[in-house]
């Protein structure tokens, strides 16, 4: 039998993009209330959880986000990128383990539940109970990739019992020592807390990724890879891709509110550190009270290759900065995806980029 050639091959954030998974809004449900959820969402979203947890998102939010998502998909296809989608799921259905029960959330952000390292797709052990079975909506894609030669791994399924969460947790205030809601009871991590540069990965420890989760991935990948921790000043850290984004060999974009440039890992000393401009203000009153994300989604860009980058049309300051830095920004609208969890990087999972595994650091 001839060896299979894996359709999955992605080693970094910038090689020429050939195939990508884009999330789906169908069936999205306001996440069930849980301390690990409410500690991370903005206060206004936390109030929404208290009122409407487990219900479908209001139609006005869904329709605005769907229009922008459809335009984004059309743009990717027009640029020659193959787009694949997860199956629709009714996330209102209740499910249970022996220890707890919950309803679901959505499958808008494949970047959270799946991590691509070379020809391997890893299902991640996420800390939000409402996301416990989220990868089921990707199973047809995963089985297809596996049959065609990809490696398919699932990290240990977490128990998510009370032992994983600090009782009575309160996010640290300004000047207080950093603390996280997660204990080290078991490994948990979201894939979106990692970004890739060939043999080097960068991670933020957060309220969905603990040290045990980082160590599990380090051992799983073995000595051929290195994982570097990025220290975040965010009081409620969750996902690296609004904090620290690798754009091209030798170029990294950082959020100056969350990153102290002088405390970046020494391995980045030879790289250009590009400091993101202040995001343009958002005046939409509905977005102000429904966004699940902070203001720095302007950093959440998607690289098509080492030059071309899809970025939010609203954030003109970021578009101009990318041009000054030598990139070719392609403006697109996805502002109304924020109530569902993210922007361009969050909403996608690159499956195949044209390139090979390399080391970008001496």
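Where a number appears in this text, it was derived from the coordinates with a stated rule and is not lab data. What you see is a predicted model; the values in this text were computed from it and never measured. FYI the Cβ positions are ideal-geometry reconstructions off the backbone, even for glycines, and counts take in every protein chain you see.
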With r defined as the distance between the Cβ atoms of residue 228 and residue 320 and R0 fixed at 22 Å, what FRET efficiency is calculated, to the nearest 0.05?
-> 0.15
First check a/c for the chain, with a ≥ b ≥ c the square roots of the eigenvalues of its C-alpha gyration tensor; if it is under 1.5, answer rounded, and if not, answer prolate when a/b is larger than b/c or oblate otherwise.
-> rounded
Rounded to the nearest 5, the percent of DSSP beta bridges in segment 81-208 running antiparallel is 75
Provide the percentage of antiparallel DSSP beta bridges, counting only those with both residues in segment 248-362; round to the nearest 5.
-> 25
Any idea what the relative contact order of the chain is, in percent, if you count C-alpha pairs under 8 Å spaced at least 6 apart?
-> 24
Have a look at 173, 342, 294 and tell me which one the Gaussian network model of the chain (Cα, springs below 10 Å) gives the largest fluctuation.
-> 173
A chain fully extended from residue 235 to residue 266 at 0.36 nm per residue, minus the present Cα-Cα distance, gains in nm 8.8 nm
Find how much the distance from residue 82 to residue 357 grows on full extension, using 0.36 nm per residue of separation minus their present alpha carbon separation; answer in nm with one decimal.
-> 96.8 nm
Rounded to the nearest 0.05, FRET efficiency between residue 170 and residue 273 (Cβ-Cβ, R0 35 Å) equals 0.60
Given R₀ = 25 Å, FRET efficiency for residue 305-residue 56 by Cβ-Cβ distance, to 0.05?
-> 0.10
DSSP bridge pairs, segment 17-353: antiparallel proportion in percent, nearest 5 | 55
Of 250, 341, 23, the one that fluctuates the most in a GNM where the chain has Cα springs shorter than 10 Å = 250
